[in-house]
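First the structure, in the form of structure tokens, and then the observations on it.
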Amino acid sequence: MRKPSLIAGMIAVAMAASGVMVATAQAAAAGCRVVYSTPSQWGGGFSGTVSVTNLGDAVTGWRLTFSFPGGQQISQLWNGSYTQSGGAVTVTNAAWNGTLATNAEATVGFNATGSTATPTGFALNGVTCTGSATPTTAAPTTPAPTTPAPQPSTWNPPANLTGALDAVWRHQEETYGNLYGFRNYIWDQLTAAQGSINYCVRWDSSAPVSAALRDQIEVKLGQQFNKWIAAMAGFDGFPYTNVPVNVVGWAVRDRNTLQWTDNSVDIYVNNIRENAPQCAEPCGRFFNQSGSYPNCPGGYAHHYDMSLWLTAGMSGGAGGDWGQRVGSEYYVNSLNQENQHILLHEIGHGLGLDDFYDWDPGVGGFLMKAGSATQITEFDKWMARDWWRHLKSRYGL
């Protein structure tokens with residue numbers, strides 16, 4: 001494993017002085033805001049992006065509806081599933097992005113045929129998106145007294161970690177060649193993509209991949225990536241609580257390895273780099289860090305931010321701003337495990353976190369100290385938060 005290459009997302013309760021909860025009739029709130037754009041277009045078609053923000057109470061499971069005005073037909077959609085009848089489109093959440101907290105955002109993208117005329121009638125779970133929230137009927141309730149869990153909003157790590165965290169940051173400043181000038185950490189990628197991440201899978205194996213396995217690999221990647229996002233949520237202006245992780249392409253040596261015929265992802269055959277299948281470089285952020293993809297077929301909607309490089313027979317892993325590399329057998333065989341600790345470790349490198357082969361900060365086992373923990377620990381969380389507090393100013397936060 002190696003460090004990142006620096007070259008290469010309340011209802012207020014009144015309480016009486018006696019400590020008794022004062023119950024008032026409460027109503028649920030519903031509402032949403034939509035931002036629609038067409039990042040790219042070509043003869044006879046275009047790509048569209050819909051970002052919907054839940055302005056009401058939290059929802060578990062969402063349905064976004066809208067209507068095309070001119071016969072447009074969606075041919076491919078990511079970050080959810082869809083049905084279309086005439087101009088009417090219904091998009092439902094994917095397995096990993098079904099919960100939308102208040103002010104949380106979900107983004108779906110699609111390719112379609114026809115003109116770029118803007119859809120109308122956007123609604124979230126049947127409520128028209130007007131940019132405001134309105135109450136819906138609910139019976140009065142008397143909630144039990146609770147103490148809200150404190151959310152970190154400033155640099156306040158546990159006292160027993162403060163010295164080690166300071167030592168880690170100073171060590172990174174001393175050993176990273178361009179720590180503050182580098183602009184392709186996962187933090188940068190998230191900001192550029194407005195809170196989502198696209199991946200392309202480099203399947204460096206001859207083992208066949210069914211459509212079901214393809215989808216399981218994508219779901220698991222999203223779950224693992226969002227374990228780091230959960231460690232950041234609510235901390236010091238970090239803007240995301242859930243990040244859609246989309247596999248937009250697969251690279252293989254032999255097309256017959258992929259046992260599906262649908263066009264839900266781009267497929268790259270025998271495009272070899274580093275002696276392994278590689279998705280098209282014009283579509284990769286690692287190769288186009290300006291965020292512009294003028295030579296990517298299909299344009300921005302087909303770009304990928306990082307690669308998930310799955311290599312047959314590999315033990316251990318590697319990670320950086322380009323993505324993560326782990327064994328294909330390890331990844332597939334651990335799909336039912338809660339934590340894919342090697343992958344989590346390598347994603348940590350994409351966030352900027354260091355390896356600890358040559359020194360020990362003295363806090364015991366933690367994920368980024370390879371082999372000493374199998375999940376993100378409190379120390380790992382605070383190391384990631386330290387990166388955010390040092391870099392967030394570059395995003396105007």
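The values are calculated or read from the model by the stated rules, or taken from the named source; none is laboratory data. The structure displayed is predicted, hence computed values, not measured ones. Counting neighbours? That spans all protein chains shown, and the Cβs are built from the backbone with ideal geometry, glycine included. Remember, those area values only see protein heavy atoms, side chains included, never the ligands or the DNA or RNA. Shrake-Rupley method; radii C 1.70, N 1.55, O 1.52, S 1.80 Å.
Would you check if residue 297 is modelled with pLDDT of 95 or more and within 25 Å of residue 37 (Cα to Cα)? Considered against the rule, which asks whether it is modelled with pLDDT of 95 or more and within 25 Å of residue 37 (Cα to Cα), residue 297 comes out as no. Of the strands (runs of 3 or more DSSP E) that lie entirely inside the range 212-315, those containing 3 or more residues that are in contact with a helix residue (DSSP H, G or I) (Cβ under 9 Å, 6 or more places away or on another chain) and surrounded by 22 or more Cβ atoms within 10 Å (Cβ to Cβ) span 245-252, 306-311. Per the listing 90, 107, 65, the residue uniquely open to solvent by less than 50 Å² (accessible area, probe 1.4 Å), closer than 16 Å to residue 246 by Cβ and of a type outside the set (Lys, Arg) is 107. So in the range 169-207, with the set limited to residues that are hydroxyl-bearing (Ser, Thr, Tyr) and open to solvent by less than 10 Å² (accessible area, probe 1.4 Å), which one is farthest from residue 304 (Cα to Cα)? Looking at residues that are hydroxyl-bearing (Ser, Thr, Tyr) and open to solvent by less than 10 Å² (accessible area, probe 1.4 Å), I get 185. Scanning for something out of contact with any Pro (no Cβ under 8 Å at 6 or more places or on another chain), open to solvent by 40 Å² or more (accessible area, probe 1.4 Å), assigned to a helix (DSSP H, G or I) and aliphatic (A, V, I, L, M), does the range 316-333 turn up at least one residue? Yes, some residue in the range 316-333 is out of contact with any Pro (no Cβ under 8 Å at 6 or more places or on another chain), open to solvent by 40 Å² or more (accessible area, probe 1.4 Å), assigned to a helix (DSSP H, G or I) and aliphatic (A, V, I, L, M). Scanning the range 334-343 for residues that are open to solvent by 40 Å² or more (accessible area, probe 1.4 Å) and of a type outside the set (D, E, K, R), we see that the one that is farthest from residue 385 (Cα to Cα) is 336. The set of residues from the range 344-397 being in a helix (DSSP H, G or I), open to solvent by 20 Å² or more (accessible area, probe 1.4 Å), touching a helix residue (DSSP H, G or I) at 6+ places or on another chain (Cβ under 8 Å) and modelled with pLDDT of 95 or more comprises 378, 381, 385, 390.
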